[in-house]
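Trainee: Encoded as structure tokens, here's the structure I'll be asking about.
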Amino acid sequence: MSTVSPLAATGQSRATVRTEDGVALEVRICGPRHPDLTVVLSHGHCGHGESWAAVRDALRRQYPNARVVCYDHRGHGDSARADHRTYTLEQLADDLGAVLATVAPTGPVVLVGHSMGGMSVLTYVGRNPAQIGERVIGVGLIATAASSLTEAGLGRFLRHPIISAFQTAVRYAPGLMHCAKLLAGKAFAPIIHRAQRGDRPVGSRWLTLANAIHNQTPIVTMAAFLQAFTTYDRTDALATLSRIPTLILCGSADLLTPPAHSVAMAAAIDYADLVLIPGAGHSVIIDHPSHVAEALTRLITRAHDTRTTPTPARGGRIVL
């Protein structure tokens, strides 16, 4: 069963949610104990919940009666490590369900995910369609995709031999590979920075390798989820999202999940807002938090209006 430490009546608190398989997830909650609405923010691959800090704070200023929840995925940030066989998007969807059941068991919810977090949200939607329009009244998909990660952008190199060799080495010598990763990460830091900002071209092969080693996430966690991306396909969940207001946002210079992914998702979802931020890279929630918060404010407003008026407010195409 999932458990959580007591919450403060208002303000910010930390909680521990224990999943069905016993993994402790670190959760941060901002806002009242009995909110009008709960917004859950799910981070990306090799990230952590605090990557949402600037966006979270902006939303709290706009919606003081809302609760904003950020959490670290298993194997990431301050959450516990787990068996590498559980590092799948299906398990992340179940973990999201555990977070909801524990810190937001009742009331309307808006789910927002960045990159891998968006994939976990889509997987949750696909596995829990009855909740869409009932408990879940809005969804935000940021710098992410519904499928075909190996067919566009740098995702094409997930099947490159160097990635396969890296994953094999991690399986057989995780300790040695972790030490090598720490050393190489320092050398590759400038490459990652340029790519995430989207302001300078970077060779695709170099950037693929750089992303594979430059982060603080345990190497086993990182390698296992890279494998999960190669077979990811949640296009089945897109039609379900036509029941509720949906935001799809990406940067025009995102090399990891190019705008083509976002355009494809928006075309499959009725009433979706498609927001394109010129010049933004994959780390859009960190580099352009005010734009992201502005788009999420529109999503939350639409979700609230739709809840009181059954016909969804129409979305549109926006360039910020």
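The values are calculated or read from the model by the stated rules, or taken from the named source; none is laboratory data. Everything quoted here is computed from the prediction, not taken from an experiment. No Cβ is skipped: glycine too gets one built from the backbone with ideal geometry, and neighbour counts run over all protein chains shown.
Trainee: Got a sec? Which helices (runs of 4 or more DSSP H) wholly within region 246-320 have at least 1 residues that are modelled with pLDDT under 90?
Mentor: Details: elements: 259-268, 284-287, 289-308.
Per the criteria, 289-308.
Trainee: So which helices (runs of 4 or more DSSP H) are wholly in region 76-189 and hold at least 1 residues that are at pLDDT 95 or above and surrounded by 14 or more Cβ atoms within 10 Å (Cβ to Cβ)? Full working, then the answer.
Mentor: On the way: elements: 89-103, 116-127, 161-172.
Once the helices (runs of 4 or more DSSP H) in region 76-189 are filtered for at least 1 residues that are at pLDDT 95 or above and surrounded by 14 or more Cβ atoms within 10 Å (Cβ to Cβ), what remains is 89-103, 116-127.
Trainee: For region 60-72, enumerate the residues that are touching a Leu at 6+ places or on another chain (Cβ under 6 Å) and either small (Gly, Ala, Ser) or in a loop (DSSP other than H, G, I, E, B) (or both). Steps first, please.
Mentor: From region 60-72, those touching a Leu at 6+ places or on another chain (Cβ under 6 Å) are 66, 68, 70-71; that's our starting set.
Answer for region 60-72, where residues must be touching a Leu at 6+ places or on another chain (Cβ under 6 Å) and either small (Gly, Ala, Ser) or in a loop (DSSP other than H, G, I, E, B) (or both): just ALA66.
Trainee: Next up: For region 48-74, what are the residues that are in contact with a helix residue (DSSP H, G or I) (Cβ under 8 Å, 6 or more places away or on another chain) and under 21 Å from TYR87 (Cα atoms)?
Mentor: Across region 48-74, the qualifying residues are SER51, CYS70, TYR71, ASP72, HIS73, ARG74.
Trainee: Condition check: of a type in the set (Phe, Trp, Tyr) and either at pLDDT 75 or above or buried (at least 21 other Cβ atoms within 10 Å of the Cβ) (or both). Does PHE225 satisfy that? If you could, list the steps in order and put the result at the bottom.
Mentor: Numbers: of a type in the set (Phe, Trp, Tyr): yes; either at pLDDT 75 or above or buried (at least 21 other Cβ atoms within 10 Å of the Cβ) (or both): yes.
Spelling it out, PHE225 is indeed of a type in the set (Phe, Trp, Tyr) and either at pLDDT 75 or above or buried (at least 21 other Cβ atoms within 10 Å of the Cβ) (or both).
Trainee: Just the residues that are outside any strand (DSSP E or B) and crowded, with 24+ Cβ neighbours inside 10 Å, please, taken from region 20-39.
Mentor: Taking region 20-39 and keeping what is outside any strand (DSSP E or B), we get 20-23, 31-36.
The one that is outside any strand (DSSP E or B) and crowded, with 24+ Cβ neighbours inside 10 Å: GLY31.
Trainee: Of the residues GLN62, GLN91, which is polar (S, T, N, Q), touching a residue at least 12 places away in the same chain (Cβ under 8 Å) and under 26 Å from HIS288 (Cβ atoms)? Can you show your working first?
Mentor: On the way: GLN91 fails: under 26 Å from HIS288 (Cβ atoms).
Of the residues listed, the single one that is polar (S, T, N, Q), touching a residue at least 12 places away in the same chain (Cβ under 8 Å) and under 26 Å from HIS288 (Cβ atoms) is GLN62.
Trainee: Right, another one. Would you check if SER42 is of a type in the set (S, T, N, Q) and either touching a Phe, Trp or Tyr at 6+ places or on another chain (Cβ under 9 Å) or crowded, with 24+ Cβ neighbours inside 10 Å (or both)?
Mentor: Values: of a type in the set (S, T, N, Q): yes; either touching a Phe, Trp or Tyr at 6+ places or on another chain (Cβ under 9 Å) or crowded, with 24+ Cβ neighbours inside 10 Å (or both): yes.
Criteria met by SER42.
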